[in-house]
Amino acid sequence: MRNKIPYQKLCIMLIGTFLLAFVYFHINYQNQLVDGGFFGLALLGKYAFGLSPSTTILLLDIPVILFILLRKEWELIINTSIITISFTFFYSLMEQYSSLVLDLSDMLIVASILSGLVTGLALGVILRYGGATGGDEILGLLLSKRFGLSIGTTLFIMDALVLLLSLLYLSVPHVLYTILAVGIAGKVTTWVYQYKRVFIT
């Protein structure tokens, strides 16, 4: 990984970001699977208190970003900024122009497995090459280093806690299928992140 020149690393992270946007829109959104992490907390704030999700995510991200600024982890900050902007761009394009519909509402188990596999692959690639999609992934990285847990396990615990809170406003089946997707994503993320050689290259 270290002998990769910057544009190669950037291209790989952008591929991971595109995959993440694809699965979030075409699988999670179209089949009403929910999310964990900061986005899940933002939805909870919307339903419980009427807060704007964009405002909530910003408020959650700022302390994490300030923390890594104090640690002077400039590469992580730059890469995360690129990934965040790219994700917004890719997702907006799909939302406005994609005519692809993956209706798996009658096969939510399939939707969960696909979501977990693709999300784990995308996140693993992004994290392996020094990026993150937001404050929750950065926090997951920091906590995994602090407590010696795998990155996948850390993200799973964070997401699972948010999803348990989501039971207050979402149906039990959709939350349970999302927990399955999150569990698969955590395992795949760990495998890709820790694998001695990135197989997709």
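The values are calculated or read from the model by the stated rules, or taken from the named source; none is laboratory data. From a predicted model like this one, the values you see are computed outputs, not experimental measurements. Here the Cβ positions follow ideal geometry from the backbone for every residue, glycine too, while neighbour counts run over all protein chains shown. We work out accessible area using only protein heavy atoms, side chains counted, and drop any ligands, DNA or RNA first. Shrake-Rupley method; radii C 1.70, N 1.55, O 1.52, S 1.80 Å.
Collect the residues in the range 106-148 that are free of Cβ contacts under 8 Å to residues at least 40 places away in the same chain and under 15 Å from V23 (Cβ atoms), keeping them in residue-number order. The one that is free of Cβ contacts under 8 Å to residues at least 40 places away in the same chain and under 15 Å from V23 (Cβ atoms): V110.
Is it the case that the range 133-140 has a residue that's of a type outside the set (A, V, I, L, M, F, W, C), modelled with pLDDT of 90 or more, in a helix (DSSP H, G or I) and within 27 Å of Y7 (Cα to Cα)? Looking for residues that are of a type outside the set (A, V, I, L, M, F, W, C), modelled with pLDDT of 90 or more, in a helix (DSSP H, G or I) and within 27 Å of Y7 (Cα to Cα), one finds none in the range 133-140, hence no.
Of all the criteria given as (1) in a helix (DSSP H, G or I); (2) open to solvent by 20 Å² or more (accessible area, probe 1.4 Å), the one not satisfied by V162 is (2). Restricting the range 85-104 to residues that are open to solvent by less than 60 Å² (accessible area, probe 1.4 Å) and in contact (Cβ under 8 Å) with a residue 12 or more places away in the chain leaves a set whose member that is farthest from G36 (Cα to Cα) is S98.
Only residues that are of a type in the set (A, V, I, L, M) and closer than 16 Å to G130 by Cβ were counted across the range 86-110, and they come to 0. Please specify each residue of the range 165-189 satisfying the condition of being among the hydroxyl-bearing types (S, T, Y) and either open to solvent by 40 Å² or more (accessible area, probe 1.4 Å) or at pLDDT 85 or above (or both). Within the range 165-189, Y169, S171, Y177, T178, T189 qualify.
L41 - would you say it is open to solvent by 40 Å² or more (accessible area, probe 1.4 Å), under 16 Å from the mean Cα position of the chain (by Cα) and not basic (K, R)? In short, yes. Only one of the numbered conditions (1) without any contact (Cβ under 8 Å) to a residue 40 or more places away in the chain; (2) closer than 16 Å to L141 by Cβ; (3) in contact with a Lys or Arg (Cβ under 9 Å, 6 or more places away or on another chain) is violated by E73, and that is (3). Among the residues of the range 105-127, are any open to solvent by 10 Å² or more (accessible area, probe 1.4 Å), outside any helix (DSSP H, G or I) and at pLDDT 85 or above? Yes, some residue in the range 105-127 is open to solvent by 10 Å² or more (accessible area, probe 1.4 Å), outside any helix (DSSP H, G or I) and at pLDDT 85 or above. For the range 15-29, the candidate set comprises residues that are open to solvent by 50 Å² or more (accessible area, probe 1.4 Å) and touching a residue at least 12 places away in the same chain (Cβ under 8 Å); within that set, the residue that is nearest to F89 (Cα to Cα) is F18.
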